[in-house]
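Worksheet: one structure, shown below.
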Amino acid sequence: MLSLQYISMNNIYLVGFMGTGKTVVGKELAKRKKWQFADLDDLIELKEKRIISEIFAKNGEPYFRKIEKKVLSEVSKEKNFVVSCGGGIVMNPQNIKIMKKTGIIICLSAAIEVILKRISGTTRRPLLNVLDPKERIASLLKLRAPYYALADEAIDTSKLSVGKVVEKIIKITR
């Protein structure tokens, strides 16, 4: 049973941990729905004229989260956007409020092993530049779980192709 919230939705916000497929699924979903696609991390990098890891290194996570909220607020004014959000965006209750007011939040998840495999070989993940990334993923997932649970819908992408995830989202948002 679809709630009235979905009927009045302007945007689709994809949240979830890094490596769960938010960007790749978001791009395909936007293409299939003939909507615009926005990756918040890319928009932040454009706005700041530097990469995320540099922002974290030079200004810290609190500064990054402030910019992230500002960029989300700007994007949320748009209509018919599929928005790929950073993994920690859900930690700020105001961000959840903005997304729920202007669309539907879909949380993508995956098993820790799947996440590790998907993100291996990348240096663009400042929160995982640690000795034991698997342990770091587990602790971050545990910390963020209550916030991810605030999403309107959830999809485990561990064993699904991008196409199957997109089909599920289209069915949810019809």
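Just the accessible area per residue of the chain, please: how many Å² with a 1.4 Å probe?
On a per-residue basis, 55 Å².
Which percent of Cα pairs goes in each bin when the distances of the chain are cut into 10 angstrom slices starting at zero?
Result, from short to long distances: 10, 40, 38, 11, 1 percent.
If one computes the Cα centroid of the stretch 152-174 and of the stretch 95-119, what distance in Å separates the two points?
Here the two parts' Cα centres lie 12 Å apart.
Tell me which trypsin sites (Lys or Arg not before Pro) from the stretch 8-113 have a DSSP coil assignment and no more than 15 other beta carbons within 10 Å of their own.
Those that pass, being in a loop and sparsely packed, are K34, K49, R50, K77, K79.
Can you compute the modelled spin-label distance between Y63 and D156, with each label point 7 Å from Cα toward Cβ, in nm?
About 4.0 nm, to one decimal.
Given a 1.4 Å probe and every protein chain left where it sits, what share in percent of the accessible area of the chain is carbon and sulfur? Numbers along the way, then the final one.
Values: 5320 of 9510 Å².
Ligands and nucleic acids excluded, carbon and sulfur reach 56 percent.
Given +1 on the Cβ of Lys and Arg, -1 on the Cβ of Asp and Glu, and no further charges, what dipole in debye does the chain carry about its Cα centre, rounded to the nearest 20? Display every interim value, and only then the final one.
On the way: 32 positive and 18 negative charges, 71 e Å.
The dipole magnitude comes to about 340 debye.
So how do Y13, Y147 rank on accessible area, 1.4 Å probe, biggest first, that is with the largest at the start?
The ranking, largest first, comes out as Y147, Y13.
Would you mind checking K31/K142; K79/K168; K66/K171; K47/K164; K34/K142 for any pair whose Cα atoms are more than 31 angstrom apart?
Over 31 Å Cα-Cα: K31/K142; K66/K171; K47/K164; K34/K142.
The values are calculated or read from the model by the stated rules, or taken from the named source; none is laboratory data. Just so it is clear, the model here is predicted, and its values are computed rather than measured. Cβ coordinates were reconstructed from backbone atoms using ideal geometry, including for glycine residues, and neighbour counts include every protein chain displayed. Keep in mind that these areas ignore ligands, DNA and RNA; they rest on the heavy atoms of the full protein, side chains included. Shrake-Rupley method; radii C 1.70, N 1.55, O 1.52, S 1.80 Å.
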